[in-house]
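The values are calculated or read from the model by the stated rules, or taken from the named source; none is laboratory data. Because the structure is a prediction, the values reported are computed rather than measured. Here Cβ is always computed from backbone atoms with ideal geometry, including for glycine, and neighbour counts include all displayed protein chains.
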Amino acid sequence: MNAIVQDFGAAVRRLREARAWSQERLAEHAGLNRTYVGEIERGTVIASIVTVEKLAHALGMSVADLLGALVATAPPARASYLVQPASFDL
C-alpha cells in the first residue's frame with residue numbers, strides 16, 4: 001500500500017494504544033470487525049470515509065482531528081501527501 005494508507009494505520013494504532021485499548025475494544029466501539037481494525041493498522045487495506053468516521057467517533061474525536069493526527073505524526077520523508085490545502089471559494 002502507499003504511504004498515506006500505512007501512516008493512517010499507524011496513527012490509528014497510536015491513538016488506540018494511548019487509550020490502552022485492544023483492537024477488539026476499538027472494533028466494538030466503532031462497530032467494526034477486529035481483524036479489519038488490524039488490517040487498517042497494518043496499512044493493508046484502505047479505510048473508506050465511512051470507516052474513518054466510525055474510528056474517529058469511537059476514539060472520541062472528529063474526522064478532522066483523526067486526519068490531523070495522521071499529518072502530525074507522519075514521517076517527513078514519506079509524507080509526500082502533506083501539502084497545503086487549496087483555498088476554495090464556496
Among the residues of region 49-70, what is the count of those that are among the polar types (S, T, N, Q) and surrounded by fewer than 17 Cβ atoms within 10 Å (Cβ to Cβ)?
1
Where I46 falls short, out of the listed (1) surrounded by 13 or more Cβ atoms within 10 Å (Cβ to Cβ); (2) without any contact (Cβ under 8 Å) to a residue 40 or more places away in the chain; (3) under 23 Å from A3 (Cα atoms); (4) aliphatic (A, V, I, L, M):
(2)
Somewhere in region 71-78, is a residue at pLDDT 95 or above, within 20 Å of Q6 (Cα to Cα) and part of a helix (DSSP H, G or I)?
no
Does A3 count as free of Cβ contacts under 8 Å to residues at least 60 places away in the same chain and either of a type in the set (D, E, K, R) or out of contact with any helix residue (DSSP H, G or I) (no Cβ under 9 Å at 6 or more places or on another chain) (or both)?
no
V50 out of contact with any His (no Cβ under 9 Å at 6 or more places or on another chain), at pLDDT 95 or above, part of a helix (DSSP H, G or I) and of a type outside the set (S, T, Y)
yes
I need the full set of residues from region 49-77 which are closer than 19 Å to S22 by Cβ and either touching a residue at least 60 places away in the same chain (Cβ under 8 Å) or not aliphatic (A, V, I, L, M) (or both), in order please.
T51, K54, H57, G60
Sort out which residues of region 5-35 are among the β-branched types (V, I, T) and surrounded by fewer than 18 Cβ atoms within 10 Å (Cβ to Cβ), and write them in order of number.
V5, T35
Checking the condition assigned to a helix (DSSP H, G or I), within 20 Å of N2 (Cα to Cα) and at pLDDT 95 or above, which residue from E41, E24 passes?
E41
